[in-house]
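One structure, as structure tokens, below. Some questions next.
The values are calculated or read from the model by the stated rules, or taken from the named source; none is laboratory data. Source: prediction; values computed, not measured. Cβ: placed from backbone, ideal geometry, glycine included. Neighbour counts: every protein chain shown.
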Amino acid sequence: MKHKFWIVDRFRFRITGKDPQRFVSFAAARGIRLAGLRREKTGITALAFGADHAALTALAVEGGWQLSLVRRRGPGRLLEALLARPGLAVGGILFLMLLHFLTAFVWMIDFGTLEPQAQDRMRELLAGCGITEGACMSRENLQTAQTLALQQSDIFGWITLNFTDGCLWIESTPAEYQAIREDPPLQPLYAKEAGTILAVQTQSGFAAVSPGQSVEKGQLLVDVVRLDRDGKEILQGASGKILARIEKTYTAFQPRQNTQTFLSGQYFVETQYMILGHTFLQKATPLPEGALVQTDWEPLQLGRLRLPASRCQKTAWLREEETLTYTEETAAALAKRACRAQLFAEFPDAEIQTQQSKIEPTPEGCSCTITYRFYANIASAQP
């Protein structure tokens, strides 16, 4: 039995025969609404609702007219085809159910305006929460990832994660830093090295030295207390710079032989796939301990079509130790560099004026002694 669903359609028909105008009059008399009437050489065409199809057909049979279908529009024909082939209807329902099921998995991660470095950090964070392309998304995982992301205050100022129809949207703003000026502590400043004062640049506190004065190591430079005219104490935290001319000697020794660790060029690769919430290892070789491990995540695509799957590739680069033997010139240069590193570690703002070097090579290595004359800030909270 062929099902008809004319009631949900509209159709245009052609009526031919003797005096087709009478057909239109009889249809109007029976309450059948017609529209778009057009007179043709062979008859009349008109638009009607599908619910009136049976009545119009019966009227044509009674009056001896011929009624033919010109065009039919609406979902009725599709419904008839589905009922004629129930497999299509069942397949359509199963497809919709499968589509709804697949939207619970991550098909794509949109990082928005994040910089590449921030994207790498964010992907590592998401992977730690079990969120990658191909993973099944849950509200708990999403909330955990957002909480951890908000704790990354060095990168994100504000961030929100939204999951809709298989797409994870990440919206964020970069972290902004605002310097907060705090009152200096009630702690005097002392000279961390002997020298001659060149400039006194106090921001707070009471200077105890003046330019041109020679000071010893540990001498008071800026005090936090003084007496007013009435003999009452005035307290003020100490801060600022005391620039001085300093002369100091540093010594360093560089052995002729030095053992260093470097990448050998050999590596092991472990690849795993995340597909619809399941992880599959392509190669389950244990990664060696002590290796430099690099992790790369890649969403999988079929042409331009993104898939709910991703690939994680871990590359373990092996390290080896090698003993290097330096020449006398190289060992001396490294010893000089070590002396300079000691200077700037102690006085980061040092401006070197002159230096005198003394190199003493030995069979075991090279000793270097350098006397620097330089300008630097000698103020320190530690006496």
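Can you tell me how many residues within region 30-40 are free of Cβ contacts under 8 Å to residues at least 24 places away in the same chain and either under 17 Å from GLY17 (Cβ atoms) or in a loop (DSSP other than H, G, I, E, B) (or both)?
Here the count works out to 6.
Sticking with this structure for a sec: So if I check each of PRO211, PRO174, which one is surrounded by 12 or more Cβ atoms within 10 Å (Cβ to Cβ) and farther than 30 Å from ALA135 by Cα? So that I can check it myself, show each step before the final result.
Working: PRO174 fails: farther than 30 Å from ALA135 by Cα.
Every option except PRO211 fails the conditions.
Right, another one. Mind checking which residues of region 209-234 are closer than 13 Å to LEU186 by Cβ and either under 51 Å from the mean Cα position of the chain (by Cα) or not assigned by TED's automatic domain parsing to the domain that holds ALA199 (or both)?
VAL222, ASP223, VAL224
Would you confirm, using the coordinates I've provided, whether THR279 is surrounded by 12 or more Cβ atoms within 10 Å (Cβ to Cβ), out of contact with any His (no Cβ under 7 Å at 6 or more places or on another chain) and not aromatic (Phe, Trp, Tyr)?
Numbers: surrounded by 12 or more Cβ atoms within 10 Å (Cβ to Cβ): yes; out of contact with any His (no Cβ under 7 Å at 6 or more places or on another chain): yes; not aromatic (Phe, Trp, Tyr): yes.
Against the criterion (surrounded by 12 or more Cβ atoms within 10 Å (Cβ to Cβ), out of contact with any His (no Cβ under 7 Å at 6 or more places or on another chain) and not aromatic (Phe, Trp, Tyr)), THR279 qualifies.
Follow-up. Being at pLDDT 80 or above, surrounded by 15 or more Cβ atoms within 10 Å (Cβ to Cβ) and under 15 Å from PHE23 (Cβ atoms) narrows it down to one of GLY50, GLY134, GLY74, GLY43, so name that one. Explain how you work it out, then say what you get.
On the way: GLY50 fails: under 15 Å from PHE23 (Cβ atoms); GLY134 fails: under 15 Å from PHE23 (Cβ atoms); GLY74 fails: under 15 Å from PHE23 (Cβ atoms).
Among GLY50, GLY134, GLY74, GLY43, only GLY43 is at pLDDT 80 or above, surrounded by 15 or more Cβ atoms within 10 Å (Cβ to Cβ) and under 15 Å from PHE23 (Cβ atoms).
Output the residues belonging to region 354-383 that are loosely packed, with under 15 Cβ neighbours inside 10 Å and part of a loop (DSSP other than H, G, I, E, B).
Result: THR362, PRO363, GLU364, ALA381, GLN382, PRO383.
So, in region 273-302, exactly how many residues are at pLDDT below 75 and small (Gly, Ala, Ser)?
2
Just a yes or no: is a residue in region 42-63 touching a Phe, Trp or Tyr at 6+ places or on another chain (Cβ under 9 Å) and assigned to a loop (DSSP other than H, G, I, E, B)?
no
Additional query: Name every residue in region 324-353 that is in a helix (DSSP H, G or I), closer than 25 Å to ILE246 by Cβ and among the acidic types (Asp, Glu), in order of residue number. Don't jump to the end; show me each part of the working.
Here is the first cut: in region 324-353, the residues in a helix (DSSP H, G or I) are 328-346.
Still in the running and closer than 25 Å to ILE246 by Cβ: 332-346.
If the condition is that a residue be in a helix (DSSP H, G or I), closer than 25 Å to ILE246 by Cβ and among the acidic types (Asp, Glu), then GLU346 is the only one that fits.
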